[in-house]
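Have a look at the structure below before the remarks.
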Amino acid sequence: MRFPKNIFQTICKHLLPTACITCQEFQEFCICNRCLSSLKESALCNYQCCYQCGIALHVSELIGQRCVACQINQPYFDETYCLDRYEGMLQTPLHELKYQKRIAFANALGNTWNLVLNEDLKGVSADYLLPVPLSHQKLALRGFNQSWEIMKRIQCGQHIQKSPYIVQRHHYSQQQAGSSLNNRHRAIQGMFYIEPNYIGALQNKTVIVFDDVMTSGATLNEIARVLKDNGASRVINWVLLRAARPI
Ligand SMILES: [Zn+2]
Ligand SMILES: [Zn+2]
């Protein structure tokens, strides 16, 4: 007789109802069928997006499949896959995780990612899947890195190594939020580094970087720069929620 992989979880799933992370209706899974269908229909990943930065394309950009900003100022990362828009139905569940510290939402968001994007991304070939890191100080303050908590639940090829240790972040007191775009770009330079034990391990490797929210792309661009400076040949971003481009 074969036992399910996690018998406790399987029993709980059938005995204990759970609230859908977006409409709060009690049912069997972390997101109800109605919300999942609506997400699958309307999510940003259904739209024609810039292959490099993941932003929804204007009609004039459709031919090249790349936005004007990426054409003018080519980012260091090569591709970006986003699940949905920042303003979409997953914003509240993400805030519950980040700001209310409701860690079960990480499980639900990771599962939602798998349900929506797994088919599209299961063929992606890479060596590492790494979360955008928090500084040690921020990690101590929040208690967890939301990107790592979501990312470790993402199903991907067995050959892709997941690690929260390879990319590290210095702690700067200047807050990113609220500062101008130029200030943010300046503040982010030199913020990330490769953990000394892993220097050399990235040579000619393809690295996927996971972030919960991508806004200007400055953070992911700086991480891609550091990864490529350390030998990575290709950097792909996986992003839960993508902010729309400024009007
Ligand atoms: Zn629902
Ligand atoms: Zn772009």
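The values are calculated or read from the model by the stated rules, or taken from the named source; none is laboratory data. Note that the coordinates shown come from a computational prediction; the quantities given were computed from them, not determined experimentally. Reconstructed Cβ throughout: ideal geometry from the backbone, glycine too, with neighbour counts over all protein chains shown. Accessible surface is based on the protein model in full, side chains and every heavy atom, while ligands, DNA and RNA are left aside. Shrake-Rupley method; radii C 1.70, N 1.55, O 1.52, S 1.80 Å.
Here are a few things to note about the model shown:
- The stretch 19-31 residues that are under 19 Å from Q91 (Cα atoms) and open to solvent by less than 40 Å² (accessible area, probe 1.4 Å), paired with ones that are near ligand 1 (Cβ under 7 Å from one of its atoms) and outside any loop (DSSP other than H, G, I, E, B) (beta carbon under 6 Å, 6 or more apart): C20/C35; T22/C35
- Looking only at residues in the stretch 1-50 that are of a type in the set (S, T, Y) and modelled with pLDDT of 80 or more, the one that is nearest to ligand 1 (Cβ to nearest atom) is T22.
The rows are residues; the columns are (1) under 23 Å from A218 (Cα atoms); (2) open to solvent by 80 Å² or more (accessible area, probe 1.4 Å); (3) in a strand (DSSP E or B).
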site	(1), (2), (3)
E119	no, yes, no
G123	no, no, no
A126	yes, no, no
L139	yes, no, no
E149	yes, no, no
H159	no, yes, no
P164	yes, no, no
Q168	yes, no, yes
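- Selection of the stretch 44-88 for residues being in contact with a strand residue (DSSP E or B) (Cβ under 8 Å, 6 or more places away or on another chain), farther than 21 Å from A126 by Cβ, more than 11 Å from ligand 2 (Cβ to nearest atom) and not polar (S, T, N, Q) yields L44, Y47, D84, R85, Y86, G88.
- Residue satisfying condition, being on the phi < 0 side of the Ramachandran plot, surrounded by fewer than 22 Cβ atoms within 10 Å (Cβ to Cβ), hydrophobic (A, V, I, L, M, F, W, C) and in contact with a Leu (Cβ under 6 Å, 6 or more places away or on another chain), within set V209, V235, V226, V213: V213
- Residue in the stretch 51-74 that is within 16 Å of ligand 1 (Cβ to nearest atom) and either farther than 28 Å from V207 by Cβ or in a helix (DSSP H, G or I) (or both) present: no
- Count of residues meeting criterion [in a loop (DSSP other than H, G, I, E, B) and under 14 Å from the mean Cα position of the chain (by Cα)] in the stretch 128-137: 3
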